[in-house]
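Comments concern the structure below.
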Amino acid sequence: MLSLAAPALGALFAEPLFLAVDSATVGHLGTAQMAGLGVASAVLLNVVLLCVFLAYGTTTVVARDIGAGRPRAGLEGGIDGMWLGLLMGGAFACVALPMAPELVQVFGSSARAAPYATTYLQISATGLPSMLLVLAATGVMRGLQHVNTILTVTVTALAANVALNFVLVYPAGMGIAGSALGTVIAQTGAAAVLAGAVLREARRRGARTRPTAKGVLAAAITGVPLLLRTALMRVAVVVMAFVATAQGDRGLAAHQIAFTLWFLLAIPPEAFGIAAQSMVAQAVGATAAGHPRAIGHRAVAWGLASGVCLALLVVVLRPAFVPLFTRDPAVREIALTLVLVVAATQPVGAVLYVIEDVLIGAGDGGFLAWSSLVALAGFLPLAWLVLARREGVVALWGALCAWLVVRFACAAWRFASDGWIERDPRVRAGRAG
């Protein structure tokens, strides 16, 4: 598990740095350019996050068939997912290119920032097929447990992104367009390398590499529950941002600090979850009735340990790192309180992320979609109360805690049952035997 989780952790930490590189490069061009990047990035981020099911879905398909002794079928299923990613990316690009001006207005761009946001979004939209192909190919490589390849490609693409952005923005004089183009080139290179690695493995095992309508449709149908789950979670995040905006500039600034920290702290337990997803899927495919639960328990233990350690670290270091984010004393005061809330959520959140990945590995995405709906139904009234009464961002984060607890309760109940293991009839037969 550690041999899978460590490279996954490195790759997960590297991915947010793509946006950080763009921000650092564009930030020196001016405030309007930076604001435009923020708006365009919000549009692109929502697309990519909605399509993250491509990575999780292909991981489960590939790993389960490998566990069942059918690596050729698993690779074919994963490649179908890659073709689905290309098709979806092309469709999104066809929408984003002509509608970029309207999209940046929907996301609240100012008149000064809108031209820069439109330019960045239109150029970046040409890279959407590559972005989604990277997601699907990453899932295939995780299913094959070739996580070192993912880490190498991600770090190399990040280094290329740094160099390309600098050259295209400054010496070439392309401005924000150069930043977008540099990122597209880096992502396209990463997509080509990962896809090439998958295709070489497919040829080695005699697997089909051309798309079929049946295979691509099956990949889409398999991904529907995970897509619904992601969409429901995005609704909660968007509502939270909307309510935080209504609490005033200082509250919003403190919320952004806390949310950034919360996002980063989710990465270490997610690395154990990714490792567990692949291992559980293989165990389910091999009809090893008791093995998936044993893997799940081990992953939960590692996730809980990481959550507790991170929570303690955050509490101890918060007086040192919070001032790095802001000079405003009022924002600091609110942020120091929110960081304590973030720390308190870490143990529960860490276990939740791992269990959900275990359930995804077992093909239990349908349950996760329903549990996400239940959690959202509980969160929305609380968020509305915070908005209506202007209770502040601390109360808003209390609502977020309730959202996490409901998700945790649902996931823990499912994990404690045998339903997620016995979804595959071959596993039930193995238990009966």
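The values are calculated or read from the model by the stated rules, or taken from the named source; none is laboratory data. This is a predicted model, so every value here is computed, not measured. Don't worry about glycine lacking a Cβ; one is built from the backbone with ideal geometry, like all the others, and counts go over all protein chains shown. Protein only, heavy atoms only, side chains kept; ligands, DNA and RNA dropped before computing areas. Shrake-Rupley method; radii C 1.70, N 1.55, O 1.52, S 1.80 Å.
With a/c under 1.5 counting as rounded, go ahead and sort region 133-257 into rounded, prolate or oblate using the C-alpha gyration tensor (a ≥ b ≥ c being the square roots of the eigenvalues; past the cut-off, prolate if a/b is larger than b/c, else oblate). In terms of gyration-tensor shape, oblate. Accessible area per residue was computed with a 1.4 Å probe on protein heavy atoms; ASP328 scores about 50 Å².
Counting only protein chain heavy atoms and rolling a 1.4 Å probe, the accessible areas of ILE295, ILE185, ILE334 rank, largest first, as ILE185, ILE334, ILE295.
On the beta carbon distance between GLU333 and THR245, with R0 = 22 Å, the FRET formula returns roughly 0.70.
The residues of the chain present an accessible area of 42 Å² per residue when probed at 1.4 Å with all protein chains retained.
For the pair region 324-397 and region 284-315, the centres of their Cα atoms are 21 angstrom apart.
Checking the a/c ratio against 1.5 first, then a/b against b/c, what shape does the Cα gyration tensor give for region 234-286? Note, shape of region 234-286 comes out oblate. For the chain, the membrane-span-like helices by this rule, meaning whole DSSP H stretches whose C-alpha atoms cover at least 30 Å of axis and whose Kyte-Doolittle mean is 1.6 or above, are 147-169, 213-245, 393-416; this says nothing about an actual membrane.
What's the extension gain from SER110 to PHE321 if we count 0.36 nm per residue and subtract their Cα-Cα distance? Provide the component values of the computation, followed by the final result.
Details: separation 211, 0.36 × 211 = 75.96 nm, distance 3.12 nm.
Going from the current span to full extension adds 72.8 nm.
What FRET efficiency, computed as 1/(1 + (r/R0)^6) with R0 = 25 Å and r the Cβ-Cβ distance, is obtained for LEU312 and THR260, rounded to the nearest 0.05? Show your work: numbers first, answer last.
Values: r = 19 Å, r/R0 = 0.78.
The computed FRET efficiency comes out at 0.80.
Here are a few candidate values for Kirkwood radius over Cα pairs in Å: [x] 23.7; [y] 31.1; [z] 22.4. Which one was actually calculated from the structure I just gave you? The calculated read-out lines up with [z]. In the complete set of protein chains, residue-level accessible area for THR245 is approximately 80 Å², probe 1.4 angstrom.
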